[in-house]
């Protein structure tokens, strides 16, 4: 198998809100969009983030067409977590977890977008 790209697709009530959160705070840009859909790309993340409006008739399988679930995290490893935390928090993003360090060396912080998706930054120390 040769995987040529990767995407994470999440159902959300307000596609525009999550898209604006990602572009404003994390540097994503819009690759394509249509009614109820936006695909975001990032020059260094190696993954596209896609938001689909909850309830789209084209979503398959319909049995799991609800909103992205509790416990959903989008995590990115960064070089300077403290600087990124300060920048994003100062821009008004909802802080879920201020930077803290786990005993195994993972330093992380978390923000919530307007749809409740948690965006986590990680730095290994």
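Residue-wise test of (1) within 27 Å of residue 3 (Cβ to Cβ); (2) touching a strand residue (DSSP E or B) at 6+ places or on another chain (Cβ under 7 Å).
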residue: 19; (1), (2): yes, yes
residue: 30; (1), (2): yes, yes
residue: 48; (1), (2): yes, yes
residue: 57; (1), (2): no, no
residue: 83; (1), (2): no, no
residue: 92; (1), (2): no, no
residue: 101; (1), (2): no, yes
residue: 107; (1), (2): no, yes
residue: 113; (1), (2): yes, yes
Worksheet entry | Complete set of residues in the stretch 15-58 that are assigned to a loop (DSSP other than H, G, I, E, B) and either within 25 Å of residue 84 (Cα to Cα) or in contact with a helix residue (DSSP H, G or I) (Cβ under 6 Å, 6 or more places away or on another chain) (or both) | 27, 28, 42, 43, 44, 45, 46, 47
Worksheet entry | Per-region count, the stretch 102-125, residues farther than 18 Å from residue 21 by Cβ, in contact (Cβ under 8 Å) with a residue 12 or more places away in the chain and not in a strand (DSSP E or B) | 2
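So is residue 96 more than 27 Å from residue 13 (Cα to Cα) and touching a strand residue (DSSP E or B) at 6+ places or on another chain (Cβ under 7 Å) or not?
no
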Worksheet item: So, of the residues in the stretch 84-101 that are without any contact (Cβ under 8 Å) to a residue 60 or more places away in the chain and in contact with a helix residue (DSSP H, G or I) (Cβ under 6 Å, 6 or more places away or on another chain), which turns out to be farthest from residue 69 (Cα to Cα)?
Response: 99
Worksheet entry | Filtered residues of the stretch 70-82 (kept if surrounded by 11 or more Cβ atoms within 10 Å (Cβ to Cβ) and either out of contact with any helix residue (DSSP H, G or I) (no Cβ under 9 Å at 6 or more places or on another chain) or closer than 19 Å to residue 19 by Cβ (or both)) | 72, 73, 74, 75, 76, 77, 80, 81, 82
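Only the coordinates and a few stated rules stand behind these numbers; no lab work does. Predicted model, so just to flag it, every value in this text is computed and none were measured. Neighbour counts are summed over all protein chains in view; Cβ atoms, including those assigned to glycine, are modelled from backbone coordinates with ideal geometry.
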